[in-house]
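The values are calculated or read from the model by the stated rules, or taken from the named source; none is laboratory data. Just so you know, these numbers come straight off a predicted model, no measurement behind them. When we count neighbours, we look across all protein chains shown, and the Cβ atoms used for this are built from the backbone with ideal geometry, even at glycine. Please note that ligands, DNA and RNA were not included when accessible areas were found on the heavy atoms of the full protein model with its side chains. Shrake-Rupley method; radii C 1.70, N 1.55, O 1.52, S 1.80 Å.
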Amino acid sequence: MKMIKNTLFSETPVKIGTESGSDNYIMAIESSCDETACSIVKNGREVIANVVASQIKTHAQFGGVIPEIAAREHMDSINIVIEEAFKQAKENAGIEPKDITAFAGTVGPGLVGCLLVGLNAAKTLALCYDKPFIGVNHLNAHLCANYLDTDLKPPFMALLVSGGHTQIIDVKSYSEQTIIGETIDDAVGEAYDKVARLIGLPYPGGPKLDKMAQEGNPKAFILPKAKVGEFDFSFSGLKTAVLRLVKSFDEQELPVKDICASFQECVSSTLVKKVKKALEMTGYKQVVIAGGVAANSEIRKKMFDLEKDGYKVFAPPMKYCTDNAAMVASCAYFNTNTFDDVNVEVFSRVK
Ligand code: KG4
Ligand code: ZN
């Protein structure tokens, strides 16, 4: 549990977290990349407002996220998503702005210009309503998406797969986590996006590649699995192998679906094999998947297959896999490794 000072007038600390003794309503804002999102979550698990403004259409014109354009879109959307979240909270739970226990915002990692928009909005709300401010790490927030609408409690093993990160994390308690393995080069989401571009799929590549893969033959091509540390990953060699494969075909005859399926098979089997090893090492019986790539159909399927071996598997619903603010609110509530100071600055990379 955290004891956090109000920001302006009151010296009385506010209790936030699992043992606070009263209901906590945390409003959170997420703007680290290309989604402007605002949510209100009760006691870290119950989502009473959830609004996401996606910038996919804008960035599709450029084939990727342009930071300056993304930051400007956040500026256009931020007030709208906040107003809509307050409206939903009033309609769904009779909660007014004055009832909010604390305001939270993503501090990093992410695009600095984008982070600043959401973070400054969350700090301003905290100052206006004289409530505490909590800064949240985006990666921890992705893990906490698994607490939403569930009764999940640590300890558990986590597979965090996003556009920027690929990690196996030993979650010992709500605030104590150890990274036991990670990628030494590309993140899974990055590999998906790069391979999608290689075979001519439009942005956003990951979900499109996933869709194509479902119609292809996963055994059509045997692609290489990198030999790295027991729990580490490497996807750059795989990316090069796909490039070579693509070049071996005439453009008109490229077996896109089979290449997608074979790539997806290689990635998903590598990820889940190492997660299983980590489970066996720790003896944990619970495992979660988190991050944007947790939306991937084959990775989800293989993770849920672990249930046949007696493990309890958690995966957030799709809307909480990709960037959203409900996970940020949950993290502000559960994870005590947050930045409880209105002066906290944004950061672009993991420190
Ligand atoms: O977590 P996220 O929304 O943003 C980061 O924090 O990075 O993850 C975005 C990544 C992108 O690389 C996107 O292509 C990938 O998640 N992604 C997928 C799928 N849905 C999103 N990759 C594979 N299959 C999907 N269904
Ligand atoms: Zn993310």
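Observations on the structure shown:
- Against the conditions (1) in a loop (DSSP other than H, G, I, E, B); (2) among the polar types (S, T, N, Q); (3) touching a Lys or Arg at 6+ places or on another chain (Cβ under 8 Å), Ser32 satisfies every one except (3).
- Selection of the stretch 150-172 for residues being more than 16 Å from ligand 2 (Cβ to nearest atom) and either closer than 25 Å to Asp185 by Cβ or of a type in the set (Lys, Arg) (or both) yields Lys153, Met157, Ile168, Asp170, Val171, Lys172.
- Residue match in the stretch 92-113 (condition: without any contact (Cβ under 8 Å) to a residue 60 or more places away in the chain, surrounded by fewer than 24 Cβ atoms within 10 Å (Cβ to Cβ) and under 18 Å from Tyr320 (Cβ atoms)): yes
Rundown of residues vs (1) part of a strand (DSSP E or B); (2) outside the structural domain of Glu46 (by TED's automatic domain parsing); (3) more than 30 Å from Thr240 (Cβ to Cβ), yes/no style:
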position	(1), (2), (3)
Gly105	yes, no, yes
Ala121	no, no, yes
Ala126	no, no, yes
Cys144	no, no, yes
Ile169	yes, yes, no
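Each row is one residue, and each column tells you yes or no for (1) within 15 Å of ligand 1 (Cβ to nearest atom); (2) surrounded by fewer than 18 Cβ atoms within 10 Å (Cβ to Cβ).
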| residue | (1), (2) |
| --- | --- |
| Glu30 | yes, no |
| Gln55 | yes, no |
| Gln61 | no, yes |
| Asp76 | no, yes |
| Ile80 | no, yes |
| Ala89 | no, no |
| Gly118 | yes, no |
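- Condition met for Thr101 (away from ligand 1 (no atom under 16 Å from the Cβ), more than 30 Å from Leu198 (Cβ to Cβ) and of a type in the set (Ser, Thr, Tyr)): yes
- Residues of the stretch 323-338 include at least one that is open to solvent by 40 Å² or more (accessible area, probe 1.4 Å) and closer than 20 Å to Thr178 by Cα.
Residues checked against (1) over 19 Å from Ser297 (Cβ atoms); (2) away from ligand 1 (no atom under 16 Å from the Cβ); (3) open to solvent by 60 Å² or more (accessible area, probe 1.4 Å):
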site: Glu182; (1), (2), (3): yes, no, yes
site: Gly205; (1), (2), (3): no, no, no
site: Asp210; (1), (2), (3): no, no, no
site: Ala226; (1), (2), (3): yes, yes, no
site: Phe233; (1), (2), (3): yes, no, no
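- When residues of the stretch 1-21 are limited to those that are of a type in the set (D, E, K, R) and either farther than 22 Å from Glu176 by Cα or assigned by TED's automatic domain parsing to the domain that holds Asn92 (or both), the one least open to solvent (accessible area, probe 1.4 Å): Lys5
- Verdict on Asn24 being open to solvent by 30 Å² or more (accessible area, probe 1.4 Å) and under 18 Å from Gln88 (Cβ atoms): no
- Enumeration of residues in the stretch 129-142 that are within 16 Å of ligand 2 (Cβ to nearest atom) and either open to solvent by 10 Å² or more (accessible area, probe 1.4 Å) or assigned to a loop (DSSP other than H, G, I, E, B) (or both): Asn137, His138, Leu139, Asn140
- Condition check for Gly189: buried (at least 21 other Cβ atoms within 10 Å of the Cβ) and either away from ligand 1 (no atom under 16 Å from the Cβ) or in the same structural domain as Ala325 (by TED's automatic domain parsing) (or both): no
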